[in-house]
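A short write-up of the structure that comes next.
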Amino acid sequence: MCGRFVSARKRLELLEEFSIERDRAGDGPDREPDPDYNVAPTKRVFAVLERRPRDEETPHGDEPERPSARELRVVRWGLVPSWAKDASGGARLINARAETVAVKPAFRRAFARRRCILPADGYYEWQAVSEQGKQRKQPYYIYSKDGDALAFAGLYELWRDEAVPPDHERAWLWTAAIITTQATDDVGQIHDRMPMVIARDHWADWLNPDNSEPGQLHATLLPAMAGGLTSHPVSTAVNFVRNNGPELIAPLSANQERPPGELF
C-alpha cells in the first residue's frame, strides 16, 4: 500500500508542470496546502483532473457542450464514494488495488469517469528488519532518481454533505485514492505494493473522462517508474504524523542507526 507520501511542490510549479488550464486550488476552502513532507490519510493534497464544471454546461442542450479542461484542485486523501451515508469511511479508502479497481463497488464508477493524478515528490514504505532477535520497521523514502515528480494514478469522487445548503462552500467534499500494484523487484525488497504512475505521454488519455474502456485505461498504468527509483533509510520521526519538514526525507546520518544491508 501507499500510506504516506511527500507533496512539497508549490501550486505555481504544478500549474506549469501539468499544463493546467483551470486553477481551482487558490483561495477559499480550496486554498493551497503548505508543502507537506508527511502526507497522511485525510490530509489535503493537490490533484490534477479533467472535467466540465456544472456551471459551464448547458442544462437544456440549447448550445453545444463546452470541452472539458485540465484542472488543479485540492482534495482530501481517502475516497468517499458518492453513495456513502457519511464521510467517515474515507480514511480507510486511501488505496485502490489496480487488480480490482474496475470492479470494486467503491471504485468502479470513479475508475470509469473520475480519474486524476496526485503529484508526489516521493513516498515512504516500511521494511521489517530483525535486530538482536527483535523485529522493528525501518522507514525508507522512495523517489525518482532524476528528481522529477511522481504522477500517482488516482481516482476522485464528489460527496454531497446534506447537512449544509447546496450553495454552502462545504456542500461538496472532494476526495481521492491512489491506485497501487505489485511492487517491482527492487522496491519489492522494502514492501510488496507500490503506487501506479502515469507516464507523461499518457496523462491526456488517463485524465480524459470520455475514455472509459478498461483495457485502454489499464494500458496507461505503470508501476511507479520501475527501474527509475532510488531510496534511502530515513528517521523513524516520519512514523508520527505531527512531525513534518524536509528533515524527514534526509538520509540517516553516519551517527544514526542504519538497517542491515543496502537495498539500492
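The values are calculated or read from the model by the stated rules, or taken from the named source; none is laboratory data. Being a predicted model, the structure only gives us computed values, none of them experimental. Heads up, the Cβs are rebuilt from the backbone with ideal geometry, glycines too, and the neighbour counts pull from every protein chain shown.
Figures for the structure shown
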{"read-out": "Which listed residue, of T230, T236, T175, T184, is in contact with a strand residue (DSSP E or B) (Cβ under 9 Å, 6 or more places away or on another chain) and under 17 Å from A110 (Cα atoms)", "value": "T175"}
{"read-out": "Selection within region 138-164 - without any contact (Cβ under 8 Å) to a residue 12 or more places away in the chain, charged (D, E, K, R) and within 22 Å of A250 (Cβ to Cβ)", "value": "D148"}
{"read-out": "Top-ranked residue in region 110-137 [being in contact (Cβ under 8 Å) with a residue 40 or more places away in the chain and not in a strand (DSSP E or B); ranked as nearest to the chain's Cα centre (by Cα)]", "value": "D121"}
{"read-out": "Residues being surrounded by fewer than 16 Cβ atoms within 10 Å (Cβ to Cβ) and under 18 Å from R114 (Cβ atoms) - total across region 173-204", "value": "1"}
{"read-out": "Of all residues in region 125-162 being among the hydrophobic types (A, V, I, L, M, F, W, C) and under 16 Å from V80 (Cα atoms), the one that is surrounded by the most Cβ atoms within 10 Å (Cβ to Cβ)", "value": "L155"}
{"read-out": "Residue list for region 196-251, restricted to those being in a strand (DSSP E or B) and not β-branched (V, I, T)", "value": "M196, L221, L222, P223, L229, S231, H232, P233"}
{"read-out": "Hits in region 194-222 - residues which are among the acidic types (D, E) and either within 22 Å of A183 (Cα to Cα) or at pLDDT 90 or above (or both)", "value": "D201, D205, D210"}
{"read-out": "Residues located in region 22-36, provided they are under 28 Å from V101 (Cβ atoms) and at pLDDT 95 or above", "value": "D36"}
